[in-house]
Amino acid sequence: MPGPKVVLLNMPWMPIDVPSLALGILKRAVTENVPGSEVEVVHANLDFVDWITDRYDFTHHDYHYFAALTYFQGLGDWVFSSALYDDPDWRTAEFDEQFAEAMTAEEYALNRDLHALVPEFIRGLAEQVAAMGPDVVGLTSTYQQTVAGLALAKEVKRLLPGVVTVFGGANCDGPQGEALHRNFAWVDYVIRGEGEVTFPQLLRLLQSGGTGFESVPGLCHRRPEDGSTAANPMSSRPLPPAAIVAPDYDGYFERLEESRAADWVEPRLVVEGARGCWWGEKHHCTFCGLNGSSMEFRSKSPMRFREEIDGLVRRHQILDMFVVDNILDMGYISALLPRIIEDGHDLRMQYEIKSNLRRPQLEVLARAGLVHVQPGIESLDSRVLQIMDKGVTGCQNVRMLRDGASCGLSVSWNYLYGFPGETDADYEPILDQFPALHHLEPAGGAARIVIERFSPYFNRPELGFDGLLPGRQYSLIHDLPESELFDLAYLFESKPQGIGRPMADRLDEALATWQAEFRDSRLTRCDLGEEILLTNQRSAFPWEHLRLVRPLDVAAFRLLDQPHTPTALTRKLAEAGLPGADQEAVSLLLREWFALGLLFRDDGHYVQVAPDATNDELLRIDARRLLGSEALVEELVGAAS
């Protein structure tokens, strides 16, 4: 019996610099598990770039605007709602009321113009898909792909009434997938949860006669008697690591080379070593809904993950790599990363990590090719971090920023606020210390938290958020009752909690200053053994050089690589037999160093904020200016090297 012809689509607004991991996995899973099948991936996000740039002055920044910058406003979905509802004026009056005065004139025109244009793109894409003669059309939906995918599926069904349409992806998890199937009749099936087993299972059932759908875990299908939605229970056991399929990216990089998007981006690989979150299994961060219905942490064996990385690098000749794992498997630090170092590929990787990693662990990450990390810092105040259930302190987060700088890692983070129980007192002392941190990587921005489905704040109203409503973007997009929008939504609104607008404005202003000062700010240390040289260039602290030469000072500064209370610091110095190591002397030292911007203080703990010196030439100049000794200059440079 011939297998089905399957067309899988990666719709806007997914990133254009990476292939779709989900579709790469499904392509391989179907090829290997459905005999005789033919699978083709259509990179419709790239098709859209080529289509729109032929008709409109559309830039890479414009694509990023819809793909990322306006995610919480749902504008990427809204522009395609005109195609979904066959109405070029769909909800334009409501859009104007909500956004006309909140946007720049350029942003307003961009949204309105694309809203009018995209139905033509959907019609053309549907004709292209129909000409391929598919038996099954599959669409993945993450972030803002749902409305474009629904519009495309509707038009394909109009052209090919007998085609089978299937949706899956993060936006189809749990109640969302059931609501999508229930409200859009042209969607034949929705796969909820991991799809590399269930999608081939569905295709085999279709191939063998179209019965037995109730056996597919998590599948939404239609009852034959009335077409209503039947939602199978989702699997209670996530896929074991051995069942997680490696992606097949053949075709993406060739398609990118043909696209105008090739002038905008450098392509990257997407790899997956683990699913779930080992921290979330123990302490689910109160605001996080990322893992949906599958929190259980599972990771591929280090050998297998290494082989996958090596195979993808060799096949596609791409060294830039984005790792999608929500958290680093700590076992990889000793069992995987040293092997990657040995392979010598000179990779450039991005990874999400825990912010309490120590310096030696970060050094391994850097040598293995990590250049960009997302440690989930979110705040620098221990009390707010405790409300989040992050399991780290403010001093540990600052240590991450400092040690990341020492190791040459770019650290990406955002400052979140709006947590029940937080007060202005949790922010004032932290904001006062921002000038001491201007040499470290600033947060990309500050934002009030939005309630996400699957998060503790969503599931447990006693934590502070009750009376949740679906985000207003969903009513701007869909013609559905609020009860259906609630099931379809991932983002929710509630009465704001935590700090008010005045303190939030102060945070925004302080972060903006940090971002502006970062480029020209500098604080480094060079540990020479018997003394430590500190070099400073921060506008709030008008000193250039400081030498720590007293044994007590040198030992104390080294100990403050890790957070210490004054009492603990004094005890350790006294145990080391250092003269003058009493509470009064140590307290005086901490006050002096704090005034010089050398320390960060939170929850009774102190940590030093000076990364290691890494620029030999600047260090040579600074050392010559300060010490006037060529011999010592050479020693300083050698130590920094």
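If you keep only loop residues by DSSP, which chymotrypsin sites (Phe, Trp or Tyr not before Pro) in region 8-58 have at most 14 other Cβ atoms within 10 Å of their Cβ? Qualifying residues, ordered by number: 56.
For the pair region 1-49 and region 411-485, the centres of their Cα atoms are 34 angstrom apart.
Close amide H partners of residue 451, meaning residues 5 or more places away or on another chain with modelled amide H under 5 Å apart, are 492.
Volume of the convex hull of region 367-406 (Cα atoms only), normalised per residue: 69 Å³. Taking every DSSP helix (H) stretch of at least 4 residues in the chain, weighting each as -39,500 (n - 2.57) and dividing the sum by the residue count yields a mean residue ellipticity at 222 nm of -12500 deg cm²/dmol. So, counting K/R as plus one and D/E as minus one, what does the shell of residues with Cβ under 13 Å around residue 246 add up to? With Lys, Arg at +1 and Asp, Glu at -1, the net is -2.
In this structure, the amide hydrogen of residue 370, modeled 1.01 Å from its nitrogen in the peptide plane, lies closer than 5 angstrom to those of 349, counting only residues at least 5 positions away or on a different chain. In the chain, the C-alpha radius of gyration followed by the widest Cα-Cα span (Dmax) gives 27.4, 91 angstrom.
Taking θ as phi - 60° and the Karplus parameters 6.51, -1.76 and 1.60, the scalar couplings of region 454-470 work out to 6, 7, x, 5, 7, 7, 10, x, 5, 6, x, 10, 10, x, 5, 10, x Hz in sequence order, x denoting glycine and proline. Applying 0.36 nm per residue to the separation of residue 296 and residue 423 and subtracting their alpha-carbon distance, the gain on full extension is 42.4 nm.
What separates the Cα centres of region 194-228 and region 115-144 is a distance of 23 Å.
Per-residue Karplus couplings for region 96-105, computed as 6.51 cos²θ - 1.76 cosθ + 1.60 with θ equal to phi - 60°, are listed in order as 4, 4, 8, 10, 4, 8, 9, 10, 6, 4 Hz, Gly and Pro entered as x. Dipole of region 136-285 (Lys/Arg Cβ +1, Asp/Glu Cβ -1, origin at the Cα centre): which of 243, 159, 220 lies farthest to the positive side? Among 243, 159, 220, the one farthest towards the positive end of the dipole of region 136-285 is 220. Within the accessible area of region 7-58, the carbon and sulfur atoms contribute 45%, probe 1.4 Å, all protein chains present. Spatially close Lys pairs in the chain, defined by Cα atoms under 16 Å apart and a spacing of eight or more places or different chains, total 5. Within region 451-507, what whole-number % of the accessible surface is contributed by carbon and sulfur, with the 1.4 Å probe and all protein chains included in the calculation? Carbon with sulfur: 50 percent of the solvent-accessible area. Mean sequence separation of contacting Cα pairs (under 8 Å, at least six apart), scaled by the length of region 331-489, corresponds to a relative contact order of 17 percent.
Considering only alpha-carbon pairs that sit under 8 angstrom and 6 or more positions apart, the relative contact order computed for the chain is 11 percent. Once both labels are positioned 7 Å from their Cα atoms along Cα-to-Cβ, the gap between residue 56 and residue 215 label points is 4.7 nm.
Summed over the residues of the chain and divided among them, the accessible surface reaches 41 Å² per residue at a probe radius of 1.4 Å. Using the Cβ of residue 294 as centre and a radius below 12 Å, the other residues enclosed give a net charge of 0, where K and R count +1 and D and E count -1.
Dipole magnitude for the chain: about 1540 debye, using +1 per Lys or Arg Cβ and -1 per Asp or Glu Cβ, origin at the Cα centre. Solvent-accessible area assigned to carbon and sulfur over region 176-278 amounts to 51 percent, based on a 1.4 Å probe.
Here region 342-412 is treated with +1 on each Lys and Arg Cβ and -1 on each Asp and Glu Cβ, and its dipole about the Cα centre works out to around 280 debye.
Under Stokes-Einstein, with the Kirkwood radius over Cα pairs as Rh, the value for region 17-175 at 4 °C and 1.567 mPa s is 77 µm²/s.
Each Cα pair of region 237-347 feeds into the Kirkwood radius, which the Stokes-Einstein equation turns, at 25 °C and 0.890 mPa s, into a diffusion coefficient of 157 µm²/s. Using r as the Cβ-Cβ distance of residue 226 and residue 592, and R0 as 56 Å, what FRET efficiency do you calculate, to the nearest 0.05? In this case the efficiency is close to 0.10. Positive contributions from Lys and Arg (+1) and negative ones from Asp and Glu (-1), summed over other residues with Cβ under 13 Å from the Cβ of residue 169, come out at -2. DSSP bridge analysis restricted to the chain gives an antiparallel fraction near 45%, rounded to the nearest 5. Using only alpha carbons, region 118-182 has a radius of gyration to Kirkwood radius ratio (Rg to Rh) of 0.97.
Backbone amide hydrogens, once placed in the peptide plane, bring residue 545 within less than 5 Å of 536, excluding anything fewer than 5 places away on its chain. What number results when the radius of gyration of region 49-110, computed over Cα atoms, is divided by 2.2 N^0.38 Å? Relative to the 2.2 N^0.38 Å estimate, region 49-110 comes out at 1.13. Taking all Cα pairs closer than 8 Å and separated by 6 or more residues, the relative contact order of region 504-599 comes to 16 percent.
Using the alpha carbons alone, the radius of gyration of region 116-239 stands to its Kirkwood radius in an Rg to Rh ratio of 0.96. Stretching residue 466 away from residue 109 to a fully extended chain increases their span by 124.9 nm, per 0.36 nm per residue minus the current alpha-carbon distance. Per-residue extension of 0.36 nm, minus the Cα-Cα distance of residue 282 and residue 40, leaves a gain of 83.1 nm for this segment. Per-residue Karplus couplings for region 376-383, computed as 6.51 cos²θ - 1.76 cosθ + 1.60 with θ equal to phi - 60°, are listed in order as x, 5, 6, 7, 10, 10, 5, 5 Hz, Gly and Pro entered as x.
Pick out, from 568, 595, 578, the residue whose Cα sits farthest towards the positive end of the charge dipole of region 552-597, with +1 on the Cβ of Lys and Arg and -1 on the Cβ of Asp and Glu. Going by the charge dipole, the pick is 568.
The values are calculated or read from the model by the stated rules, or taken from the named source; none is laboratory data. From a predicted model like this one, the values you see are computed outputs, not experimental measurements. Because the Cβ atoms are built from the backbone with ideal geometry, glycine has one as well, and the counts that use them run over all protein chains shown. Ligands, DNA and RNA are stripped out before the accessible areas are found, and what is left, the full protein with its side chains, is counted by its heavy atoms. Shrake-Rupley method; radii C 1.70, N 1.55, O 1.52, S 1.80 Å.
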